[in-house]
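Read the structure below first, then the notes.
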Amino acid sequence: MSKSYGIIAEFDTPADVMAAARAVRKAGFKHWDVHTPFPVHGMDEAMGLKNSNVGWFTFIGGVTGYTSGMLMIWFQNAVDYRIVVGGKPLFSPLFAFPVSYELTILFASFATIFGMLFLNRLPCLHHPLLKNQRFAQVTHDKFYIVIETTDRQYSETETRKLLESAGSKHIEQVEE
Amino acid sequence: MASVVESKWATKGSTPKGLERQPLVLNQRSLGWISDRVASIVEGPTPKWWWPAFLISASLAGMMFAMIGYLVATGVGVWGLNQPAGWAWDITNFVFWIGIGHAGTLISAILFLLRQRWRTSINRAAEAMTLFAVACAGIFPLVHVGRIWLAPIWLAPLPNSMGIWPQFRSPLLWDVFAVSTYGTVSLLFWYVGLVPDLATMRDRATSKFRKFAYGLFALGWTGSNRHWSNYEKAYLLLAGLSTPLVLSVHSIVSFDFAVSQVPGWHTTIFPPYFVAGAIFSGFGMVLTLLIPLRTLCKLEDLITVRHVELMGKVVLATGSIVGYAYGMEFFIAWYGGNPNELYAFKNRAFGPYWWAYWSMISCNVICPQLFWFKKIRTNLVAVFIISIFVNIGMWFERFVIIVISLHRDYLPSSWGYFSPTYVDILTFVGSFGLFCTLFLLFMRFLPMIAIAEVKGVTPQADPHHPLGGAKGGHH
């Protein structure tokens, strides 16, 4: 017999799933999530999520990009092979700025995306939810609450009751 | 039930009558309808018009590569450029294509930061257009160096065979970094936006191969709100990064000219003037592409006449900025008191290339002024025709700036007249083939409208709206 991954409850509207999310949060669950076809405005607050940390990755990426641009140009044109061109200085932050500016954006963009993927633990091509037929509607027009069996509060009967009372019309177990 | 609640909302809402927000998706389409409609373009049978369009485009693209092969095998002498016009159609085409890309980033990033929710129906296609335009743009500087197999070494910050590094005081090198960053970041931004929709395509897929292919690129997206939270922050940050990027790209492209000493190029007005022109030309191309596509792909409820009208307003605004820049250039040429500069501008309007200058003025300055009239902005045929004139005018603008400035500079003994050869012409025509080929492939294999984003701007997506399931009118 395969182990159970968790329980999913289906909802038809964003308001219903948001009300249910508030109830699940109030009940004190930790290992749970809301799955929606598009980001639902106000859901972070309903779930009690903190502001995302992606910005730190962006910031570090940007600083790295700017510094590497300046250092690269200084090393190449003013240290390793010095050539005077048009009587201009060997190094100046002014002519090095456009390239460093572009590298700031380039590095920050990569850091943002990889930071986001890292925080989301993606790519994750094998996931119990992806194998569930019913759950495939999450990218169409249905809304789901998923509570994992690893949550301390989880109980097969009580958790189901909670989701039923929150208004879900379809609840099922998801296999690992 | 839903319609009863809807009518209640409409009458009891706090917005005064006549000032209600216009819906972005017409005919109160459901969330599921949006994914069905957009995905059916990819999943349905190939439309009849697609194959002829694809074959013509692909043949033109093939012709371009044949011309490039001839160029590489023979030398840049197969083009019409020579002293004094060492840059001609190659760089004109480069600036033309890179400018077109700017509308995609403006729509995806700047309109996002400005919370213009109407952008959601057009941003995916416009961003794809950006990528393909940048690809077309990249070809020209790459092949104009002659020995293109060495180009990667010349462009990258690597020492040449003498151990000498690239020269970072040159704006041409800044341009390499600007354009390659722009291409890369546009691709990343576009891909991040695609991830939730690829998951939709994966979940709808009926064949194993489709499920695998879309699933691989969807990265295992499950619409988790913990994921959406990081995703939306990343999207916002990318929009914030793309905005200064897109403004810098055409500024730096303009430095290629403005930093030099050539009369007609050496002006401080170039960066903002180039950026406005880029957005102007890009919106022209977005309109040229989307007006026929919305009918061919039955997307009238998603890309509405209002979308077209709003884009027309952007064309009007940027076209007027461009017109102002043309006037200001002339004024400064006279007011600056530099005889060479003044000559360069007189030569533009009344010299041997007068026809190019006046084509530019009529297409870019006069034509978009028609958009002051709502009747014209909302007439799709008129908008389509004007958008084509905008494309033509903006190509002429770059030709005017590049060729007319170069063909007569300081030394009258080395003046000349540039004429294109057939290789010039066929390479440029072929680049449209490449652009259309890529766009046709895109619309058949990827959702050309951002499904998740469009769902997000419907009333059903708002948990505080009765259609989104909110109980009672107030809260």
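The values are calculated or read from the model by the stated rules, or taken from the named source; none is laboratory data. Predicted, not measured: the structure shown is a model, and the values here were computed from it. Don't worry about glycine lacking a Cβ; one is built from the backbone with ideal geometry, like all the others, and counts go over all protein chains shown.
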Hey, can you tell me all the residues within segment A:23-56 that are touching a residue at least 60 places away in the same chain (Cβ under 8 Å) and either of a type in the set (S, T, N, Q) or more than 7 Å from every other protein chain (Cβ to nearest Cβ) (or both)? A:ALA23, A:VAL24, A:ALA27, A:GLY28, A:PHE29, A:LYS30, A:HIS31, A:TRP32, A:THR36, A:SER52, A:ASN53
Pair list, Cβ under 6 Å, 6 or more apart: segment B:76-93 residue among the charged types (D, E, K, R), other residue surrounded by 19 or more Cβ atoms within 10 Å (Cβ to Cβ): B:ASP90/B:PHE140; B:ASP90/B:HIS144
For A:THR139, are the conditions met, namely being among the polar types (S, T, N, Q) and surrounded by fewer than 18 Cβ atoms within 10 Å (Cβ to Cβ)? no
Can you find even one residue in segment B:253-273 that is within 14 Å of another protein chain (Cβ to nearest Cβ), under 18 Å from the mean Cα position of the chain (by Cα) and surrounded by fewer than 20 Cβ atoms within 10 Å (Cβ to Cβ)? yes
Just checking, which of A:ASP16, A:ASP44, A:ASP33, A:ASP12 is out of contact with any helix residue (DSSP H, G or I) (no Cβ under 6 Å at 6 or more places or on another chain), among the acidic types (Asp, Glu), surrounded by 19 or more Cβ atoms within 10 Å (Cβ to Cβ) and over 30 Å from B:SER180 (Cβ atoms)? A:ASP16
Selected residue [away from chain A (no Cβ under 12 Å) and surrounded by fewer than 18 Cβ atoms within 10 Å (Cβ to Cβ)] from B:ILE164, B:ILE139, B:ILE153: B:ILE153
Taking only segment B:31-63 into account, find how many residues are in contact with an Asp or Glu (Cβ under 7 Å, 6 or more places away or on another chain) and either buried (at least 16 other Cβ atoms within 10 Å of the Cβ) or in a loop (DSSP other than H, G, I, E, B) (or both). 1
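Here's the yes/no breakdown for (1) within 25 Å of B:VAL429 (Cβ to Cβ); (2) under 22 Å from the mean Cα position of the chain (by Cα):
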residue: B:GLY104; (1), (2): yes, yes
residue: B:GLY146; (1), (2): yes, no
residue: B:SER161; (1), (2): no, no
residue: B:TRP165; (1), (2): no, no
Anything in segment B:211-222 that is more than 15 Å from B:GLY193 (Cβ to Cβ) and at the interface with chain A (Cβ under 9 Å from one of its Cβ atoms)? List them, or say none. B:GLY215, B:LEU216, B:GLY220, B:THR222
Looking only at segment A:145-159, which residues are within 20 Å of B:SER224 (Cα to Cα) and either touching a helix residue (DSSP H, G or I) at 6+ places or on another chain (Cβ under 6 Å) or surrounded by 12 or more Cβ atoms within 10 Å (Cβ to Cβ) (or both)? A:ILE145, A:VAL146, A:ILE147, A:GLU148, A:THR149, A:ASP151, A:TYR154, A:THR159
Exactly one condition in (1) basic (Lys, Arg); (2) free of Cβ contacts under 8 Å to residues at least 60 places away in the same chain; (3) not in a loop (DSSP other than H, G, I, E, B) is false for B:LYS17; which is it? (3)
Tell me, yes or no, whether segment A:5-16 has at least one residue that is small (Gly, Ala, Ser), touching a Phe, Trp or Tyr at 6+ places or on another chain (Cβ under 9 Å) and within 9 Å of chain B (Cβ to nearest Cβ). no
Listed by range, helices (runs of 4 or more DSSP H) wholly within segment B:137-233 having at least 1 residues that are among the β-branched types (Val, Ile, Thr) are B:151-155, B:171-204
In the list A:LEU94, A:LEU71, which residue meets the criterion of being closer than 30 Å to B:SER170 by Cβ, more than 10 Å from chain B (Cβ to nearest Cβ) and without any contact (Cβ under 8 Å) to a residue 12 or more places away in the chain? A:LEU71
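Each row is one residue, and each column tells you yes or no for (1) within 30 Å of B:GLY416 (Cβ to Cβ); (2) modelled with pLDDT of 95 or more.
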{"site": "B:LEU293", "(1), (2)": "no, no"}
{"site": "B:ASN338", "(1), (2)": "yes, no"}
{"site": "B:TYR353", "(1), (2)": "yes, yes"}
{"site": "B:ILE361", "(1), (2)": "yes, yes"}
{"site": "B:PHE371", "(1), (2)": "no, yes"}
{"site": "B:VAL381", "(1), (2)": "no, yes"}
{"site": "B:ILE386", "(1), (2)": "no, yes"}
{"site": "B:ILE392", "(1), (2)": "yes, yes"}
Complete set of residues in segment B:427-446 that are within 16 Å of the chain's Cα centre (by Cα) and either under 12 Å from B:ALA137 (Cα atoms) or of a type in the set (Phe, Trp, Tyr) (or both): B:SER431, B:PHE432, B:LEU434, B:PHE435, B:PHE439, B:PHE442
I'm checking my understanding of the structure. Among residues of segment A:118-153 that are at the interface with chain B (Cβ under 7 Å from one of its Cβ atoms) and among the aliphatic types (A, V, I, L, M), which one is nearest to A:GLY55 (Cα to Cα)? A:LEU119
Inspect segment A:99-119 for any residue being among the acidic types (Asp, Glu), within 29 Å of A:VAL174 (Cα to Cα) and not in a strand (DSSP E or B) and give the result as yes or no. no
Yes/no for B:GLU300 being more than 16 Å from B:THR267 (Cβ to Cβ), of a type in the set (Asp, Glu) and not in a helix (DSSP H, G or I): yes
Confirm whether B:SER224 is farther than 28 Å from A:LEU106 by Cβ and buried (at least 20 other Cβ atoms within 10 Å of the Cβ). yes
A:GLY115 is checked against (1) among the small types (Gly, Ala, Ser); (2) at pLDDT 95 or above; (3) assigned by TED's automatic domain parsing to the domain that holds A:HIS31 and fails just one. What number does that condition carry? (3)
